[in-house]
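Undergrad: For reference, the structure I am asking about is given below.
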Amino acid sequence: MDRTQIINHVRIALSTVLNRDVPGLTEESRLFEDLALDSTSVIELLMGLEDTIALEIDPDELEPEVFRTVGSLTDYIQAGFAKTAAV
């Protein structure tokens with residue numbers, strides 16, 4: 001899955017979690033400050049992404065930096081796919 005596809009999945013998952021469209025979403029969009037995510041919505045976002053992109057997310061690997069921006073979350077997901085492909 002390429003970066004554009006991952007960002008599209010993140011956009012869909014965010015729309016679902018936030019119950020609204022997220023127009024103008026960019027890699028620089030900040031998840032907490034710009035989109036008003038909270039700890040509960042982060043869990044919902046991760047569960048939604050696990051379901052839609054079939055990537056198992058290990059909560060022990062998650063650092064706060066992963067959730068800084070859409071781009072940092074996309075980087076984390078891409079790294080997860082790379083790990084899965086290498087196994």
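Undergrad: In region 27-76, which residues are part of a loop (DSSP other than H, G, I, E, B), at pLDDT 90 or above and closer than 17 Å to I12 by Cβ?
TA: Passing the criteria: E27, S29, L31, L35, L37.
Undergrad: May I ask you to list the residues in region 1-40 that are within 11 Å of the chain's Cα centre (by Cα) and either within 12 Å of G71 (Cβ to Cβ) or of a type in the set (G, A, S) (or both)?
TA: I6, I7, V10, A13, E27, L31
Undergrad: Now for a separate question. Starting from region 65-87, take each residue that is touching a residue at least 12 places away in the same chain (Cβ under 8 Å) and list its partners that are of a type in the set (K, R) and part of a strand (DSSP E or B), counting only C-beta distances under 7 angstrom and pairs at least six apart or across chains.
TA: R68/R30; T69/R30
Undergrad: Can you find even one residue in region 69-76 that is among the aliphatic types (A, V, I, L, M), under 10 Å from the mean Cα position of the chain (by Cα) and within 14 Å of I6 (Cβ to Cβ)? Steps first, answer last, please.
TA: Step one: of region 69-76, the residues among the aliphatic types (A, V, I, L, M) are 70, 73.
With the extra rule that they be under 10 Å from the mean Cα position of the chain (by Cα), the set shrinks to 70, 73.
Checking which are within 14 Å of I6 (Cβ to Cβ) leaves us with 70, 73.
Yes: region 69-76 contains one or more residues that are among the aliphatic types (A, V, I, L, M), under 10 Å from the mean Cα position of the chain (by Cα) and within 14 Å of I6 (Cβ to Cβ).
Undergrad: Something else about it: Of the conditions (1) aliphatic (A, V, I, L, M); (2) in contact with a helix residue (DSSP H, G or I) (Cβ under 7 Å, 6 or more places away or on another chain); (3) closer than 15 Å to M1 by Cα, A54 satisfies every one except a single condition; which number is it?
TA: Tallying (1) aliphatic (A, V, I, L, M); (2) in contact with a helix residue (DSSP H, G or I) (Cβ under 7 Å, 6 or more places away or on another chain); (3) closer than 15 Å to M1 by Cα, A54 fails exactly one: (2).
Undergrad: Determine the pairs where a residue that is assigned to a loop (DSSP other than H, G, I, E, B), located within region 5-23, has a partner that is surrounded by 13 or more Cβ atoms within 10 Å (Cβ to Cβ) with Cβ atoms under 8 Å apart, the partner being 6 or more residues away or on another chain.
TA: Qualifying pairs under 8 Å: D21/S15; V22/R11; V22/L14; V22/S15; V22/S29; V22/L35.
The values are calculated or read from the model by the stated rules, or taken from the named source; none is laboratory data. Computed from a predicted structure; not experimentally measured. Cβ sites come from the backbone with ideal geometry, for glycine too, and all protein chains shown count toward neighbours.
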